[in-house]
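The values are calculated or read from the model by the stated rules, or taken from the named source; none is laboratory data. This one's a predicted model, so the numbers in the text were calculated from it and none came from an experiment. Note that we place each Cβ from the backbone using ideal geometry, even for glycine, and neighbour counts take in every protein chain shown. These area figures cover heavy atoms from the full protein model, side chains too; ligands, DNA and RNA do not enter into them. Shrake-Rupley method; radii C 1.70, N 1.55, O 1.52, S 1.80 Å.
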Amino acid sequence: MSPPPTHRARRRRTVLMAMAASTAAMATVAAGPPGWAGAPAGDPASPGARSAGDRLLPYLGNGGYDVRSYDVGYTYRPGTTLMDSSVRIRATATQALSRFSLDAAVDEIKTVTVQGEPARFAVDKAGEKLDITPRRALGKGRLFDVNIAYRVDRSDNRARPGDPTSPAPHLTPWVNKKDGFVVFGQPDRAHMFFPANDYPTDKARFTFRVTAPKDLQAVGIGTPRSRTTAGDEATTVFSTADEISTQVVQVGVGHYKEIRGRGPHGLPLRSYVDTDAFDAAKPLVDRIPDQLSWFEKELGRPFPLETYGVLGVPEGYLGVAFESATLSTFAVENLQGPAEQLEPTMVHEMVHQYFGDALAVSNWDTNWISEGHADYYQLLYTVDQGWRDLDTVLKARYEFDPESRAASGPPNRPKEAIDALVGGNNAGVLMLAGLRHQVGDAVFKKIERTFFDRYRGRNADTRDYIAVANEISGRDFTAYINGWLYDEKTPPMAGHPDWVAPEPPKSS
């Protein structure tokens, strides 16, 4: 993700509290219709956890189940920010469940069913958590379905709970356009789009079904599966073959023109660009195969997801670029112009598809793994193209590092949630560059490949990276890596003992 825009005032909404008309949920096993699997004798059902325990976002995440898939439906109509919506969640109970929760900050929950039966539900006072009590307890290890009919209001762009006031930036989750919308869910706002276990460790497959006027184009992550028309409307279906985290979804509606192509090894490429900017943006979009080939050679691994492309959004995109899985999102003007200025960010978001999307972080403290890798390989690409000198850039970053630490905190201990998105870039680059200097190119590349291979499709944290670095190098880099990621002060730069980090600015 590129740097955030200025802070926007947040607003509050009336807290939604709803209760489905149903009998009281049973915490003990009861006989049910075919497909029901109650908690076995001797394994009493209990509520699932209501938090993943994240230091920065303690209200986020849920326990007691593992989501397998989301099937989300939207009906978009011009002239209103309200959208009738639905989600079908398929999950596996990891304990015997009497009750479970989802992260949910939608406008209204209408109905909830579990295994086809009405369930009791309520939204908490903060408007962030949906508690669901099924009529019958769910047995450990059993697959179950949750169907939720709900409504979203795309004008609802409140800040996350506990967000600091100005000058901290507020990235609005709903990005509305004159003829549609797109979204931005990082780090914790995807549950404004659909009820979910909105935490990076619970990856799942996604399907989006978007109904909109047929003169508009629906866009989404994954692969387009179908488009059917009925009267003046069309319903487009996208789905992913790979499991991804909720925070990197993308879906929207607008006037877009599709660009198809082929990447290395026949990888299907599809991009969507604002129709009016198509001709101006196409030259850079056509550079994607070369960008993919460059990184495949650098890392030694092919692209890890089923497809790739970019989404060029009209009228701006929050001042950022976003690594939405399989379809990185940009303001369309950032796909028009000199390659030297614009391609580095394209490479940054493409690298995120490996580090951040295919390999996801285990918690928001460790998001340097995503941002540090994306920034590091972005830098290497500019050097390879002859646009930058490596040591010149590294020295400038080294001199900036004390200021970055003072503002955002150490990379593995950011001060605020927004710092997890931007605070780990600089030190991540310097740590990786210094590690490469110490072990040499061949060993460094083997560390990176091994780390990616071991945690592809999974989640990783700093301890995992240290373990791989030590294993592959045959040396102990624990203190070196921890120094860069946890220390309040900038460590010495490997290979450049003459570089001096300035004193951080005094806090006012």
Relative contact order for the chain, counting Cα pairs under 8 Å that sit 6 or more residues apart, in percent: 12
Carbon/sulfur fraction of accessible area - region 231-329, other protein chains in place, 1.4 Å, %: 49
Alpha-carbon centroid distance for the pair region 76-97 / region 396-465, whole angstrom: 35
Fraction of antiparallel bridges per DSSP, the chain only, in percent to nearest 5: 80
Radius ratio Rg over Rh of the chain, counting only Cα atoms, Kirkwood formula for Rh: 0.98
Globularity index of region 425-508, i.e. its alpha-carbon radius of gyration over 2.2 N^0.38 Å: 1.20
Given charges at beta-carbon only (K, R positive; D, E negative), |dipole| of region 255-377 in Debye: 460
Cα→Cβ-extended label distance, 7 Å offset, between Glu298 and Ala339, nm: 1.5
Linear extension gain, Lys178 paired with Tyr486, 0.36 nm per residue minus alpha-carbon span: 106.4 nm
D (Stokes-Einstein, µm²/s), Kirkwood Cα radius, region 341-475, 1.002 mPa s at 20 °C: 142
Label-zone membership for region 129-162, site Glu108, 7 angstrom Cα→C-beta point, backbone N under 14 Å: 149-154
Inter-centroid distance (Cα atoms) of region 197-213 relative to region 330-357, Å: 23
Region 291-400 - convex hull of alpha carbons, volume per residue in Å³: 119
Compactness relative to 2.2 N^0.38 Å, alpha carbon Rg of region 205-299: 1.20
Stretchable slack from Ala479 to Phe400, in nm (0.36 nm times residue separation minus alpha-carbon distance): 26.2 nm
Ordering of 319-326, 105-112 by burial proxy (mean other Cβ atoms within 10 Å per residue, highest first): 319-326, 105-112
Distance (nanometres) between label positions extended 7 Å along Cα→Cβ at His255 and Asp66: 4.7
Average Cα contact separation per residue, region 192-329, under 8 Å, 6 or more apart, as relative contact order %: 23
Prolate/oblate/rounded label for region 151-225 (Cα gyration tensor, a/c 1.5): oblate
Computed magnitude of the charge dipole of the chain (debye, nearest 20; Cβ of K, R +1, Cβ of D, E -1): 1600
